Amino acid sequence: MHEWVAAVVPAGGCGTRMGNDTPKQFLQLGDVPLLIHALRVLESSRMISEIVLVVPRDAVPFCQEEFLPPFVLSKISAVIRGGARRQDSVWNGLQAVDERTKIVVVHDAVRPFVTGAMVEQVVDGAVTHGAAIAAIPLHDTVKRAAPDGMIETTLDRQRLWSAQTPQAFRLELLRDAHQASRQDGVEATDDAFLVERIGHRVSIVSGSPDNIKVTRPEDLAMGEAILAARRNRSSS
């Protein structure tokens, strides 16, 4: 990989659904904080040239001076303040990437079980198609319901995917998509939607059921179970 690839890691949430005063990205998972799991994978990826970490405004000094130094993550080029929404935090991160950047990987700080293979695949997908995301096919039957709770229709699950991160994009494409959303007042829960709405197609690569997003206490418990299962596999 010869192009400069920047990873933007939005970790600006306050984690209210966790029912904890500590933002969820700083909670412990196994023997290290949740955020560190994802950062270590990005740090070790041969695809990633730099990491821009986006955290709550009042957490910037804490991260720079206390939280990050013990983990010696040499690819972190900037720790910057997040915005009110996830997409605002990603936008802030896009302004801080190196001028050499061609591809941007966006990965949620609270998805600790990302793998190096996923990072490589989305970057390759972005190089080829301009945009790529990790996702997994839906296995449950999916219903669409009316506001009164009555089923309207059953959707064809063969064409439905659950989007995850990492997601990778050509830098200028992602900047254009975010700029358009800001002008139009559009909100989104992932960057791929913003790219889709300006008419660019996005490719899918294989994610993983283990690649969970930790937003609630039960997710943290599931994360501990995944960690334990991985340790058991590696010791057997």
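The values are calculated or read from the model by the stated rules, or taken from the named source; none is laboratory data. What you see is a predicted model; the values in this text were computed from it and never measured. No Cβ is skipped: glycine too gets one built from the backbone with ideal geometry, and neighbour counts run over all protein chains shown. Just so you know, the surface numbers come from the protein's heavy atoms only, side chains and all, with ligands and any DNA or RNA stripped out. Shrake-Rupley method; radii C 1.70, N 1.55, O 1.52, S 1.80 Å.
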Inter-part distance where the stretch 69-106 and the stretch 146-219 are each reduced to a Cα centre, Å: 20 Å
The chain: relative contact order from alpha carbon pairs under 8 Å, six or more residues apart, as a whole percent, is 22 percent
Reported to the nearest 10 Å², F113 has, with a 1.4 Å probe, an accessible area equal to 0 Å²
Debye, to nearest 20: dipole size of the chain, +1 on Lys, Arg Cβ, -1 on Asp, Glu Cβ: 280 debye
Sorted by chain and then number, the residues having a modelled amide H within less than 5 Å of the amide H of I76, at least 5 places away or on another chain, are I51
Counting helices only, and only those DSSP H runs with n ≥ 4, report the 222 nm mean residue ellipticity of the chain as the sum of -39,500 (n - 2.57) divided by its residues, in deg cm²/dmol to the nearest 500. -10000 deg cm²/dmol
I'd like the per residue volume of the convex hull spanned by the Cα atoms of the chain, given in cubic angstrom. 155 Å³
For the pair I136 and M150, the simple spin-label estimate (label points 7 Å beyond Cα toward Cβ) gives in nm 3.5 nm
Karplus (6.51, -1.76, 1.60) ³J(HN,Hα), θ = phi - 60°, over the stretch 208-220, in Hz, Gly and Pro reported as x: 7, x, 6, 7, 7, 9, 8, 10, 10, x, 5, 5, 5
For the chain, which whole-number percentage of the solvent-accessible area (1.4 Å probe, protein heavy atoms only) is attributable to carbon and sulfur atoms? 49 percent
Per residue, how much accessible area does the stretch 1-156 show when a 1.4 Å probe rolls over the protein heavy atoms, in square angstrom? 47 Å²
Straight-line reach from K143: which lysines have Cα under 29 Å away, leaving out those fewer than 8 places along the same chain? K213
What distance in nm lies between label points placed 7 Å from Cα along the C-beta direction at D31 and Q179? 4.7 nm
Residue by residue through the stretch 158-170, what is 3J(HN,Hα) from phi via Karplus (6.51 cos²θ - 1.76 cosθ + 1.60, θ = phi - 60°)? Round to whole Hz and write x for glycine and proline. 4, 10, 10, 10, 9, 6, 10, 10, x, 10, 10, 8, 4
With θ taken as phi - 60° and the coefficients 6.51, -1.76 and 1.60, list the Karplus ³J(HN,Hα) couplings across the stretch 31-38 in order, rounded to whole Hz; mark glycine and proline as x. 9, 9, x, 3, 4, 5, 4, 5
From highest to lowest solvent-accessible area (probe 1.4 Å; ligands, DNA and RNA excluded), M222, M150, M118 read M150, M222, M118
The stretch 120-226: antiparallel bridges as % of DSSP beta bridges, rounded to 5, reads 70 percent
Note down the magnitude of the dipole of the stretch 117-236 about its Cα centre, charges +1 on Lys and Arg C-beta and -1 on Asp and Glu C-beta and zero elsewhere, to the nearest 20 debye. 260 debye
